[in-house]
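Structure first, commentary second.
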Amino acid sequence: MRSALLGVTLCGLLLTGAACGSGGDSGTEPIAEAPAVDVTTPATAIAAPNYYENTRTVCAALDKIFDADVAQFGTAMGRMIAYKEAKQADEAELARKAASKELKEVGEKIRKETSKAEDPDLKEAGQVSATKFSKSAADKGLFDKVKTTTDLNKTLLAKMPDWMDPVAGLCAT
């Protein structure tokens, strides 16, 4: 910072010296002197907020949600598939509702945890992610497509990145 201030001061002196040393009236206005710059007073820089510890805490909570709660969703989906394969429609529908409820709860937990984030980007990403989970939980068509574990794997391979990506980049360690 001092070298920048010194450079500005030197430029001002050079311009002033050039204007004074032109020797005679050239018919132009004299160049005004550059304002004096106090190089002894350092400029105060505004430090960027440090969200590191808070982000680590929020992301650790999200990791637990993504591990444990999404696993519960997968278990409920597995039950739904088993009932569909056994042609037990009533039980399959109950399992679908349970899986939907698990997915909705994942969204609610993400929303709750990211609301504690100090980093506004993480807070916003958490809301986006939570909304995606909740929207999928209400999408009966998503559940209707899943009839086998192969269908489940395809569906989850497509949906998991979409659900988690908003916060994933911000929580990378």
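Which residues, counting only those in segment 87-136, are in contact with a Pro (Cβ under 7 Å, 6 or more places away or on another chain) and farther than 13 Å from THR55 by Cβ?
VAL128, SER129
Name the residues in segment 94-119 that are part of a helix (DSSP H, G or I) and of a type in the set (A, V, I, L, M), would you?
Scanning segment 94-119 gives LEU94, ALA95, ALA98, ALA99, LEU103, VAL106, ILE110.
Can you tell me which condition ASN153 does not meet? The list is (1) of a type outside the set (A, V, I, L, M, F, W, C); (2) within 13 Å of VAL58 (Cα to Cα); (3) assigned to a helix (DSSP H, G or I), and all the others hold.
(2)
Give the residue that is nearest to the chain's Cα centre (by Cα), with candidates limited to residues of segment 73-93 that are part of a helix (DSSP H, G or I) and among the basic types (Lys, Arg).
Residue satisfying both the conditions and the ranking: ARG79.
Can you find a residue that is without any contact (Cβ under 8 Å) to a residue 24 or more places away in the chain, loosely packed, with under 15 Cβ neighbours inside 10 Å and not in a helix (DSSP H, G or I) anywhere in segment 122-140?
Taking every residue of segment 122-140 in turn, at least one turns out to be without any contact (Cβ under 8 Å) to a residue 24 or more places away in the chain, loosely packed, with under 15 Cβ neighbours inside 10 Å and not in a helix (DSSP H, G or I).
Since every read-out is calculated from the coordinates, none of them should be taken as a lab result. Just so you know, these numbers come straight off a predicted model, no measurement behind them. Cβ coordinates were reconstructed from backbone atoms using ideal geometry, including for glycine residues, and neighbour counts include every protein chain displayed.
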